[in-house]
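Peer 1: Sharing a structure, written as C-alpha cells. Questions coming.
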Amino acid sequence: MNRRFLESIWHIRGSVPLPPDQSREEAFTRLAPLFRETGTSHEFADDTLRFTKKDPAAQDKMAVFDHGELQIRDDGTGRALHYHMVSRMLLFCFLAPLLFVAFGQATIWLGKYEAAKEQGAPKKPEKPPVVRTLNPIDKMLGAPAPEAPKKDKKSEGKKASATSAYVFAGIFAFLYLVGRILEQRAIRRTLGRRLAGE
C-alpha cells in the first residue's frame with residue numbers, strides 16, 4: 001500500500017498562496033505568533049520552519065498537531081506556503097474504532113465459546129424441591145403457608161452483546177472523520193489569515 005496514502009490518515013498537507021509581493025521574511029514574521037504558544041518550540045533552517053509541540057495549551061489553534069514544517073516555494077502557479085503537519089490525536093481517533101470492533105468480536109466469540117462449553121458439560125441431576133411445612137403453632141394462628149423456593153436464575157438465555165463496543169467504534173469513527181476534515185480546513189484558514197495580516 002502507498003506510504004503517502006497511509007500517512008494521510010494522520011498527516012495533513014497543503015499549501016496557501018502568498019499575497020502578491022510578500023517576501024519570505026515578512027511571511028514568516030507574520031506566522032511567528034503561532035509558534036510562540038506554550039509548549040511550542042521551533043527552528044528555522046534551509047528556508048523551512050520546523051516546530052514541535054509538547055503539552056500545548058487548550059486555546060492553541062494548532063494544539064492538535066505534534067510537529068510539522070512549513071516552507072515557502074514556487075509551485076509553478078506562484079509562490080505559496082506549503083505545510084506538512086502530523087497529529088497523533090487523529091491517528092488515535094482512526095485506530096480506536098478498530099480496537100472497539102475487535103473488542104466486540106472478542107465478546108461475541110467468548111459468548112459462543114461459553115455457550116458451547118455449557119452445552120457440552122454433563123447436566124447435573126435436579127434436586128427435588130424442599131417442602132416446607134408450617135409449625136403447628138403458626139398453623140393454628142393462621143399464618144400463610146410458605147412459598148415454594150424459587151429456582152436460581154441461570155444466565156443460559158443471556159447472549160454476549162457487542163453493542164456498546166460498536167457504539168464506541170461509531171463515535172470515534174465520527175470524531176475522526178469530522179476532525180480530519182475540520183482540521184484540514186482550520187489550519188489552512190489560520191495560515192491564510194496570518195499571511196494576510198488579519
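Peer 1: From the helices alone, meaning DSSP H stretches of at least four residues, give me the mean residue ellipticity at 222 nm for the chain, per-run term -39500 (n - 2.57), in deg cm²/dmol to the nearest 500.
Peer 2: -14500 deg cm²/dmol
Peer 1: Given a 1.4 angstrom probe, what's the average accessible area per residue across the chain, in square angstrom?
Peer 2: 74 Å²
Peer 1: Taking the Cα atoms only, what angle lies between the long axis of helix 163-195 and the longest principal axis of the chain, rounded to 10 degrees?
Peer 2: The angle comes out near 10 degrees.
Peer 1: Using a basic spin-label model with each label point 7 Å from the Cα along Cα→Cβ, how many nm lie between Ser41 and Lys139?
Peer 2: My value for the distance between the label points is 9.0 nm.
Peer 1: Further question: By how many degrees, 0 to 90 and rounded to 10, does the Cα axis of helix 88-120 deviate from the longest principal axis of the chain?
Peer 2: Its long axis makes an angle of about 20 degrees.
Peer 1: Got a sec? Charge dipole of the chain, +1 on Cβ for Lys and Arg, -1 for Asp and Glu; which of Pro20, Gly111, Ile171 is way out at the positive end?
Peer 2: Gly111
Peer 1: Tell me the carbon and sulfur percent of the accessible area for the chain, rounded to whole percent, probe radius 1.4 Å.
Peer 2: Details: 8550 of 14720 Å².
The computed percentage sits at 58.
Peer 1: Give me P(r) over the chain, computed from all C-alpha to C-alpha distances, binned every 10 Å, as integer percentages.
Peer 2: It works out to 7, 22, 19, 12, 9, 8, 7, 6, 5, 3, 1, in whole percents.
Peer 1: Taking every pair of alpha-carbon atoms in region 1-101, what share in percent sits in each 10 Å bin, from 0 to the bin with the longest distance?
Peer 2: With 10 Å bins starting at 0, P(r) equals 14, 39, 32, 12, 2, 0.
The values are calculated or read from the model by the stated rules, or taken from the named source; none is laboratory data. Remember, predicted model here, so these are calculated numbers, not experimental data. Counting neighbours? That spans all protein chains shown, and the Cβs are built from the backbone with ideal geometry, glycine included. Keep in mind that these areas ignore ligands, DNA and RNA; they rest on the heavy atoms of the full protein, side chains included. Shrake-Rupley method; radii C 1.70, N 1.55, O 1.52, S 1.80 Å.
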